[in-house]
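What follows is one structure encoded as structure tokens, with my remarks underneath.
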Amino acid sequence: MRIYLDHNATAPLLPAAREAMLPFLGPPANPSSAHREGARARAVMEAARADVAALIGAAPGEIVFTSGATEANNLALRAAGADAALATTAVEHASVLEPARAAAGARLRVVSVDAEGRVAVEAVRAAAAGAALASIGLANGEVGAVQPIAEIAAALRPGGVLVHSDAAQAVGRMAVDVRALGVDLLSLSSHKLGGPAGVGALWVRPGLRLAPLLLGGPQERGRRAGSENVAAIAGFGAAAREARRRVAAWTGEARALTDRLWDGLVARIPDVVRNGPAAEPRLPNTLNVSFPGCAGESLVLLLDLSGVAASAGSACAAGAVEPSHVLLAMGRDATAARAGLRLSVGPESSAGEIDRVLDLLPPLVRQVRAGAAA
């Protein structure tokens, strides 16, 4: 049986999410329709909206359903308005960095991070001075660094700077409360929780005006035009409900598994390097490591052949493995930035699976190093 340690890429679809989707995969289900079928779809969608809102301590009417966190991030950046200065960090997801560059151009301020991938509150405050919006991810899905979002939001509030946080990797893996964070906008994703891909949400602070990204209909209170994907939203709601039920207990379980993995690697491969924070706060389910002399992509391929799904945490462009922009921002050189191996656990991961990976990795590391030296 295969071992799946790539939950930060996507989580397996939960049975509860699948069951919630099935009634809407065939029958007509347009929630904008006035007939019985439309009313049924609308009721299910609003119940899912309430479940998603409850997961982050929000009210249902503050949730805008989108096609995923990428769209939510793009929509959030529009709150800055046209020709506005923006601030963000060097380790954000491409769905924040690319639209921020496109929107702000030379007016984009990019904050550096430390060797563990964290930003300093004062550095964000300085970069965001005079900006309209700062977008700072809550948890980095590549190395597990958790940013001090509540402190950042408090620091920027007197200057009137809006704060958006991409929380796609954090929600469901740690407690998230939008009121406690003090942000204005927060993005989340269904498929990171065990819901279906192709649906996400943006939380919008009450009273905040937000220009829609998509025009052509009154859906989502005029903030996102287009007929809603009711089946996917129903699955999202079920996954959010399950995540809310289990998050407190699972955070500790995930931390125990990644600690077991790290301790085992240190015992078996003495020169292993940890990329990202060892101390709290950190994303409990995520461990990013490097083995000097090993390309991360080579280990991913060998692990795959051995029955383990993992990630290099780096992008591929035109068939060539590119250095991770996150590891580069953390001060690694290009070679080290290609060496990262990300292992991310989920609720169904077990200690036995971790021990199996610990048996597999040492000989695979030796194999890659021997090939590199040949």
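The values are calculated or read from the model by the stated rules, or taken from the named source; none is laboratory data. Here the structure is a predicted model, which is why all the values come from computation and not from measurement. Reconstructed Cβ throughout: ideal geometry from the backbone, glycine too, with neighbour counts over all protein chains shown.
For LEU210, all conditions in the list (1) over 23 Å from PRO31 (Cα atoms); (2) touching a residue at least 60 places away in the same chain (Cβ under 8 Å); (3) in a loop (DSSP other than H, G, I, E, B) hold save one; what is the number of the exception?
Against the list (1) over 23 Å from PRO31 (Cα atoms); (2) touching a residue at least 60 places away in the same chain (Cβ under 8 Å); (3) in a loop (DSSP other than H, G, I, E, B), LEU210 comes up short only on (1).
Using the structure shown, decide if ALA225 is out of contact with any Ser or Thr (no Cβ under 9 Å at 6 or more places or on another chain) and either surrounded by 22 or more Cβ atoms within 10 Å (Cβ to Cβ) or farther than 16 Å from PRO60 by Cα (or both).
Numbers: out of contact with any Ser or Thr (no Cβ under 9 Å at 6 or more places or on another chain): yes; either surrounded by 22 or more Cβ atoms within 10 Å (Cβ to Cβ) or farther than 16 Å from PRO60 by Cα (or both): yes.
Criteria met by ALA225.
Output the qualifying pairs, or none if there are none: Cβ atoms under 7 angstrom, residues six or more apart or on different chains, first residue in the stretch 177-199 and surrounded by fewer than 24 Cβ atoms within 10 Å (Cβ to Cβ), second residue at pLDDT below 95.
GLY198/ASN229
Considering the stretch 274-310 alone, what residues qualify as being of a type in the set (Gly, Ala, Ser) and over 18 Å from ALA334 (Cβ atoms)?
To start, the set of residues in the stretch 274-310 that are of a type in the set (Gly, Ala, Ser) comprises 276, 278-279, 290, 293, 295-296, 298, 306-307, 309-310.
Passing the criteria: GLY276, ALA278, ALA279, SER306, GLY307, ALA309, ALA310.
For the stretch 237-291, name all the residues that are in contact with a Pro (Cβ under 6 Å, 6 or more places away or on another chain), part of a helix (DSSP H, G or I) and within 30 Å of ARG338 (Cβ to Cβ).
ALA254, ARG255, ARG268
For the stretch 23-55, give me the residue count where each residue is modelled with pLDDT of 95 or more and farther than 30 Å from ARG179 by Cβ.
The number of residues fulfilling the criteria is 0.
Can you pull out every residue in the stretch 335-365 that is modelled with pLDDT under 95 and either more than 24 Å from the chain's Cα centre (by Cα) or polar (S, T, N, Q) (or both)?
Result: THR335, single match.
Looking at the stretch 294-321 only, could you name the residues that are loosely packed, with under 15 Cβ neighbours inside 10 Å and at pLDDT below 95?
ALA315, CYS316, ALA317, ALA318, GLY319, ALA320, listed by residue number.
Just give me the residues in the stretch 335-357 being under 18 Å from GLU297 (Cα atoms) and part of a helix (DSSP H, G or I), in sequence order. Before the answer, list the steps.
Of the stretch 335-357, the ones under 18 Å from GLU297 (Cα atoms) are 335-344, 357.
Passing the criteria: THR335, ALA336, ALA337, VAL357.
Failed condition for ASP83, given (1) assigned to a helix (DSSP H, G or I); (2) surrounded by fewer than 17 Cβ atoms within 10 Å (Cβ to Cβ); (3) free of Cβ contacts under 8 Å to residues at least 60 places away in the same chain, with all others met?
(1)
Just name the residue that is farthest from the chain's Cα centre (by Cα) out of those in the stretch 110-147 that are assigned to a strand (DSSP E or B) and in contact (Cβ under 8 Å) with a residue 40 or more places away in the chain.
Initially, the stretch 110-147 is screened for residues assigned to a strand (DSSP E or B), giving 110-111, 133-135, 139, 145-146.
Now drop any that are not in contact (Cβ under 8 Å) with a residue 40 or more places away in the chain, which leaves 133-135, 139, 145-146.
Numbers: LEU133: 20, ALA134: 17, SER135: 14, ALA139: 7, ALA145: 12, VAL146: 11 Å.
Top of the filtered list is LEU133.
Being surrounded by 22 or more Cβ atoms within 10 Å (Cβ to Cβ), charged (D, E, K, R) and touching a helix residue (DSSP H, G or I) at 6+ places or on another chain (Cβ under 7 Å), is that true of even one residue in the stretch 37-49?
So far as the stretch 37-49 goes, yes, one or more of its residues are surrounded by 22 or more Cβ atoms within 10 Å (Cβ to Cβ), charged (D, E, K, R) and touching a helix residue (DSSP H, G or I) at 6+ places or on another chain (Cβ under 7 Å).
In the stretch 178-193, how many residues are charged (D, E, K, R) and closer than 17 Å to GLY159 by Cβ?
First, the residues of the stretch 178-193 that are charged (D, E, K, R): 179, 184, 192.
Next, only the ones that are closer than 17 Å to GLY159 by Cβ stay: 184.
Qualifying residue count for the region: 1.
Got a sec? Which of SER227, SER290 is in contact (Cβ under 8 Å) with a residue 24 or more places away in the chain, small (Gly, Ala, Ser) and not assigned by TED's automatic domain parsing to the domain that holds VAL146? Explain how you work it out, then say what you get.
Working: SER227 fails: not assigned by TED's automatic domain parsing to the domain that holds VAL146.
Result of the check over SER227, SER290: SER290.
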